[in-house]
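**Student:** My structure is below; once you've seen it, I'll send some questions.
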Amino acid sequence: MSIRPSEQGSLTTPASPSTKAAPAQPTNPHNTTAHGTTAHGTTAHSTTAHSTNAHAPHGGGGASILHQPKAVWAVAFASVIAFMGIGLVDPILPAIAESLKATPTQTSLLFTSYLVVTGLAMLITSFISSRIGAKKTLLIGLALIVVFAALAGASGSVEAVIGFRGGWGLGNALFISTALATIVGAASGGASSAIVLYEAALGLGIAIGPLLGGLLGSISWRGPFFGTAVLMAIGFVAIAVLLKKDNKADRSPTRLSAPIRALGVPSIRLLAFTALFYNMGFFTLLAYTPFPLGLSAIGLGLVFFGWGLGVAITSVFVAPILTRRMKRTTALTGALVLLALDLIAGGVLIASTTGLIVTIVVGGLLLGVVNTVLTESVMMASDLPRTVASSAYSSVRFLGGAIAPPAAAALAVAVSPGFPMYAAAGSVVIAALFVVFGRKTLARVDNGGEESEIVEAEALSVGEE
């Protein structure tokens with residue numbers, strides 16, 4: 001594995017166009033590059049790994065994860081709020097449908113518009129952040145979330161809420177694609193500690209989002225939207241005051257076409273389509289199950305708080321243990337198969353409130369493993385600059401999540417209430433088959449990111465000017 005000098009100490013910029021992959025150094029097993037990732041496709045590179053185990057996702061950090069500069073905590077806080085947006089509307093979907101006289105299919109489009117715009121915007125975020133800098137990108141993203149969350153809360157029709165959720169997705173794409181790189185650049189204790197901190201923020205956001213949505217949604221369906229706008233405004237002020245402006249000299253502009261060209265790399269393309277089919281299962285579980293559960297906003301908030309807590313625990317603690325003990329493709333395949341079985345159980349138990357709740361929480365535990373291992377694999381699959389690989393992968397991945405909610409609602413009406421869960425299970429099985437039959441293409445992932453210098457150079461050229 002090689003270390004690109006231009007990535008050492010960089011906040012958000014990819015490798016310089018003139019940078020070539022340095023020769024691997026087999027005589028020193030500790031002098032390797034560890035790639036840390038998160039469930040949402042944002043990534044960072046640690047320049048030192050403190051383990052000879054090729055499957056370890058994180059190196060050890062020297063300082064406590066809690067001893068961080070104020071700027072890191074400001075970005076981490078805003079990250080929690082940003083990721084709350086994923087599950088925030090879950091508990092209020094039935095309330096929105098009732099208040100705005102909308103069908104389940106229409107309300108499920110709240111996820112679709114958000115995820116379509118997020119996915120497409122991912123294709124341009126590295127282009128933007130590499131030119132205007134991390135701080136400006138973060139602030140623009142937060143400002144957009146504040147504006148569109150408030151507009152969604154003030155809307156009088158489901159169509160308006162759907163549209164404003166799309167604007168929210170644009171802001172979210174700009175923010176989440178930049179936040180981890182910013183934390184890594186400012187954190188103490190090394191990149192691995194920063195990654196764990198970011199993953200913790202991610203998990204908290206996913207868990208707290210449905211709970212806050214349930215609590216505020218019990219007052220009014222508009223409450224979660226206005227609550228998010230207020231919290232994001234606080235995050236905007238914190239970042240504006242505490243985060244220093246990054247050095248313009250450290251930026252290496254990324255080509256607008258780089259993420260599209262990155263999909264030409266076989267390993268990135270294979271993992272992107274794996275994630276597309278996996279996300280269909282993910283968002284069927286998240287966006288469809290609130291309707292057959294038939295619970296109040298607070299009840300749904302508590303159920304999906306348990307779901308999000310499961311995602312957080314396994315993504316931060318369980319996934320690293322698995323990848324230290326087995327190949328990443330093995331861990332990924334196993335988790336996908338178990339998730340498919342869980343979704344089948346959800347279809348069987350669709351009429352049982354208790355059974356469906358258990359299915360949702362167990363699904364959260366499995367989703368946390370898949371998210372972390374899958375996005376780790378993306379960053380080890382090639383030597384592309386991290387922002388380019390992340391943008392390419394995430395753009396395809398989020399489109400899978402955009403398709404699932406309205407498709408699930410339509411299938412429930414056309415076939416049966418349990419059929420969307422069976423369809424989701426089939427989609428996850430397809431994702432697992434991509435990994436099984438693509439093991440040769442993903443050999444670099446199982447080797448801890450090591451590959452020949454020739455292949456590394458070919459991959460790196462995709463992201464060059």
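The values are calculated or read from the model by the stated rules, or taken from the named source; none is laboratory data. Fair warning: this is a prediction, and the values are worked out from it, not measured in the lab. In this analysis, Cβ positions are derived from the backbone assuming ideal geometry, glycine residues included, and neighbour counts consider all displayed protein chains. For the accessible areas, the whole protein counts, side chains as well, though only heavy atoms, and no ligand, DNA or RNA atoms are used. Shrake-Rupley method; radii C 1.70, N 1.55, O 1.52, S 1.80 Å.
**Student:** Just checking, does the stretch 100-111 include any residue being under 23 Å from the mean Cα position of the chain (by Cα), open to solvent by 40 Å² or more (accessible area, probe 1.4 Å) and in contact (Cβ under 8 Å) with a residue 60 or more places away in the chain?
**Tutor:** Applying the first criterion (under 23 Å from the mean Cα position of the chain (by Cα)) to the stretch 100-111 yields 107-111.
With the extra rule that they be open to solvent by 40 Å² or more (accessible area, probe 1.4 Å), the set shrinks to 109.
Narrowing the set further to residues that are in contact (Cβ under 8 Å) with a residue 60 or more places away in the chain leaves 109.
Within the stretch 100-111, one or more residues are under 23 Å from the mean Cα position of the chain (by Cα), open to solvent by 40 Å² or more (accessible area, probe 1.4 Å) and in contact (Cβ under 8 Å) with a residue 60 or more places away in the chain.
**Student:** Among the listed residues Ile92, Ile140, which satisfies the condition of being over 17 Å from the mean Cα position of the chain (by Cα) and either surrounded by fewer than 22 Cβ atoms within 10 Å (Cβ to Cβ) or not in a helix (DSSP H, G or I) (or both)? Walk me through how you get there before you give the answer.
**Tutor:** On the way: Ile92 fails: either surrounded by fewer than 22 Cβ atoms within 10 Å (Cβ to Cβ) or not in a helix (DSSP H, G or I) (or both).
Of the residues listed, the single one that is over 17 Å from the mean Cα position of the chain (by Cα) and either surrounded by fewer than 22 Cβ atoms within 10 Å (Cβ to Cβ) or not in a helix (DSSP H, G or I) (or both) is Ile140.
**Student:** Looking for something within 20 Å of the chain's Cα centre (by Cα), assigned to a helix (DSSP H, G or I) and surrounded by fewer than 24 Cβ atoms within 10 Å (Cβ to Cβ) - is there at least one such residue anywhere in the stretch 380-395?
**Tutor:** Among the residues of the stretch 380-395, not one is within 20 Å of the chain's Cα centre (by Cα), assigned to a helix (DSSP H, G or I) and surrounded by fewer than 24 Cβ atoms within 10 Å (Cβ to Cβ), which makes the answer no.
**Student:** OK, next. Looking at the stretch 408-424, which of its residues are in a helix (DSSP H, G or I), in contact (Cβ under 8 Å) with a residue 60 or more places away in the chain and surrounded by fewer than 24 Cβ atoms within 10 Å (Cβ to Cβ)?
**Tutor:** So the first thing to find is which residues in the stretch 408-424 are in a helix (DSSP H, G or I), and the list is 408-414, 419-424.
When the remaining residues are screened for being in contact (Cβ under 8 Å) with a residue 60 or more places away in the chain, the result is 408-410, 412-413, 419-424.
Scanning the stretch 408-424 gives Ala409, Ala410, Ala412, Val413, Phe419, Tyr422, Ala423.
**Student:** For Lys70, which of the numbered conditions (1) more than 19 Å from Ser296 (Cα to Cα); (2) touching a Ser or Thr at 6+ places or on another chain (Cβ under 7 Å); (3) open to solvent by 10 Å² or more (accessible area, probe 1.4 Å) fails to hold?
**Tutor:** Failed condition: (2).
**Student:** Oh, and also: When both residues are 6+ apart or on different chains and their Cβ atoms are under 6 Å apart, which pairs have a first residue that lies in the stretch 325-346 and is touching a residue at least 12 places away in the same chain (Cβ under 8 Å) and hydrophobic (A, V, I, L, M, F, W, C), and a second that is open to solvent by 10 Å² or more (accessible area, probe 1.4 Å) and not in a helix (DSSP H, G or I)?
**Tutor:** Between residues of the stretch 325-346 that are touching a residue at least 12 places away in the same chain (Cβ under 8 Å) and hydrophobic (A, V, I, L, M, F, W, C) and residues that are open to solvent by 10 Å² or more (accessible area, probe 1.4 Å) and not in a helix (DSSP H, G or I), there is no close pair.
**Student:** Within the stretch 149-186, how many residues are open to solvent by 10 Å² or more (accessible area, probe 1.4 Å) and aromatic (Phe, Trp, Tyr)?
**Tutor:** 1
**Student:** Let me ask something additional. For Leu243, are the conditions met, namely being at pLDDT 85 or above and either open to solvent by 10 Å² or more (accessible area, probe 1.4 Å) or of a type in the set (Ser, Thr, Tyr) (or both)? Working first, answer last.
**Tutor:** Working: at pLDDT 85 or above: no; either open to solvent by 10 Å² or more (accessible area, probe 1.4 Å) or of a type in the set (Ser, Thr, Tyr) (or both): yes.
Taking the combined requirement at face value, the residue does not satisfy it.
Residue-wise test of (1) hydrophobic (A, V, I, L, M, F, W, C); (2) at pLDDT below 90; (3) buried (at least 22 other Cβ atoms within 10 Å of the Cβ); (4) in contact with a Pro (Cβ under 8 Å, 6 or more places away or on another chain).
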| residue | (1), (2), (3), (4) |
| --- | --- |
| Lys327 | no, no, no, no |
| Leu336 | yes, no, yes, no |
| Ile344 | yes, no, no, no |
| Ser352 | no, no, no, no |
| Leu374 | yes, yes, yes, no |
